[in-house]
Amino acid sequence: MNRDIFFRAAREYGTPLYLYDLGEMQRRIKLAQDTLNSLDFKIFFAMKANSNPYLLRFIHSYGIGADVVSINEYKMARFARFRPEEIIVNGNGKSMEDLEFYIAQNPLCINVDSKEEIAKFGNKNARIALRINPDVDPKTHPHISTGLKENKFGMDFETAKEVIKTLPSNLRLAGLHCHIGSQITKIDPFIEAFSSIERFVKSQGIKLEFLNVGGGWGIDYKKDGTEMDLAGYKKKIVPLLSNFNVPIYFELGRFITASAGYLISKVTEVKRNPYKNFVILDASMADLIRPSLYDAYHEIEILNDGEEMISDIGGRICESGDIFARSRKIRTPRPGDLAVIHDVGSYGYSMASNYNLSLRPAEVAFDGEKLILIRKRERFEDILNLCLEDKNENF
Ligand SMILES: Cc1ncc(COP(=O)(O)O)c(C=O)c1O
């Protein structure tokens, strides 16, 4: 992305600011579609990665469906014009209220996470898939591994067998689902997971209408070439999946939006103590929690041409963990310079919070020419309003 766009966006909309490059998002969608083009497939965008309705509409225009994990994500998908038959419902620990809502909406499929969840359907009709936990190590950060037996998601094969045997007739078992983790860059864990599902399907004689293999495709955060091995996926996994002879569903999140997003912020202070340098930004873990939560790496670019220095880069929150990068080589900034954090289009804004009463940033899309405001900056009044009753005398 051209630096001028960052300056222009910051000038027009202030900082901190999320900026999305629609051209990059389109490129990623095409890349995923090209990788899978010899399969009968459909991609569902994992909305937990980014639920901005403008971006959802953009993604939808490429024939992509939505993967939702809450009633509000479902409502947002509908607002963004996804039809119920283009929506897959996921999530563990669904409440009775959740299930009643989803069943009434009649989505393409509800992925059932546990044996216990089956009972919550009562005698209502639904088209379901069982989420299998194949006990495979995806070799990613432990907080984003989901398919190991110690993880809370899905059911092991023995439990799935029992569920299938005792499934009430109001529930139609249309498919199996698995999602083994996120930011996966090697294909071996996928081979292991999908092969064990293939053995299970054959041994149980299950007639599938589709197989849902989740998401998890990793991106190159460090710009060192470590990312999802798409060539390997096309060569080894696509043939394995075509053996199932049914449509294959994918729930990609990170792969589609991460590299299209930038968090533009302003340097507020350059602070030195006898041991270290600290560059403090007007963005913080409240705007982007991934580095604090997962030790996630994001490239950080200071928009000046100064000398290089080594520094920690942190935010304005009262937490030692509010650090975006440690001992990072960057251009020496001056207060007021812009700092741009890269690859934040997934699990960026969607994980933002009001910690320290931070106000959530604005979001802007860039279409190659224009900047389009796609979410206003939150205001203090927006937060205060939630605390006020009609004419609250407590304030
Ligand atoms: C069930 C499910 N599907 C899809 C995804 C999307 O994963 P990713 O963003 O790694 O593609 C997730 C993310 O955690 C998930 O839990």
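The values are calculated or read from the model by the stated rules, or taken from the named source; none is laboratory data. Computed from a predicted model, the values in this text were never measured in an experiment. Neighbour counts are summed over all protein chains in view; Cβ atoms, including those assigned to glycine, are modelled from backbone coordinates with ideal geometry. Note: accessible area is taken over every heavy atom of the protein model, side chains too, but ligands, DNA and RNA are not part of it. Shrake-Rupley method; radii C 1.70, N 1.55, O 1.52, S 1.80 Å.
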The chain, convex hull of Cα, quarter of hull surface, nm² -> 22.0
Given a Förster distance of 45 Å, the FRET efficiency implied by the Cβ-Cβ spacing of Arg326 and Asn243, rounded to the nearest 0.05, works out to 0.50
Inter-part gap, Cα centre of region 186-261 to Cα centre of region 310-351, in whole angstrom, is 32
With Rh as the Kirkwood radius over Cα pairs, region 83-252 has Rg/Rh of 0.97
Everything considered on the Cα gyration tensor (a ≥ b ≥ c; rounded for a/c under 1.5, else prolate if a/b is larger than b/c, else oblate), region 238-395 must be described as oblate
With a Förster distance of 41 angstrom and the Cβ-Cβ distance between Ser353 and Arg272, calculated FRET efficiency to the nearest 0.05 equals 0.90
Applied in sequence order to region 182-188, the curve 6.51 cos²θ - 1.76 cosθ + 1.60 (Karplus, θ = phi - 60°) yields integer Hz couplings, x standing for Gly and Pro, of 10, 6, 8, 10, 10, 8, 4
Regression test value, accessible area per residue of region 83-252, probe 1.4 Å, units Å², expected 45
DSSP beta bridges in the chain: the antiparallel percent, rounded to 5, is 45
Checking region 155-229 for trypsin sites (Lys or Arg not before Pro) in a loop per DSSP with at most 15 other beta-carbon atoms within 10 Å yields Lys186, Lys207, Lys222, Lys223
With a 1.4 angstrom probe the carbon and sulfur portion of accessible area for the chain, in percent, totals 49
Across the alpha-carbon set of region 194-316, Rg over Rh with Rh taken as the Kirkwood radius works out to 1.18
Expected unfolding gain across Lys370-Tyr62 under the 0.36 nm per residue rule, minus the alpha-carbon gap, is 108.8 nm
Using a 1.4 Å probe on heavy atoms of the protein chains only, the accessible area for Glu369 in Å², nearest 10, reads 140
Extend 7 Å from the Cα of Lys115 along its Cα-to-C-beta direction; within region 143-173, residues with backbone N under 19 Å of that point are 148-169, 171, 173
From DSSP H assignment alone, runs of 4+ in the chain each adding -39500 (n - 2.57), the sum over residues rounded to the nearest 500 puts [θ] at 222 nm at -7500 deg cm²/dmol
Any trypsin sites (Lys or Arg not before Pro) in region 32-85 that lie in a DSSP loop and have at most 16 other Cβ atoms within 10 Å would be Arg81
Between the modelled labels at Lys235 and Leu384 (7 Å from Cα along Cα→Cβ) the distance in nm is 6.2
Computed about the Cα centre, the charge dipole of region 83-252 from +1 Lys/Arg and -1 Asp/Glu charges at the Cβ has a magnitude in debye, to the nearest 20, of 400
Any trypsin sites (Lys or Arg not before Pro) in region 324-381 that lie in a DSSP loop and have at most 12 other Cβ atoms within 10 Å would be Lys370, Lys376, Arg379
Check: C-alpha center region 357-391 vs C-alpha center region 3-60, spacing in Å is 19
Place a point 7 Å from the Cα of Lys161 in the direction of its beta carbon; the residues of region 129-146 whose amide N falls under 19 Å from it are 130-136
So for R0 = 45 Å, FRET eff. of Asn304-Asp34 from the Cβ-Cβ r, to 0.05, ends up at 0.75
Rounded to the nearest 10 degrees, the helix 96-105 long axis (Cα) sits at an angle to the longest Cα principal axis of the chain of 80
For Met155 the rounded accessible area (nearest 10 Å², probe 1.4 Å, non-protein molecules ignored) is 10
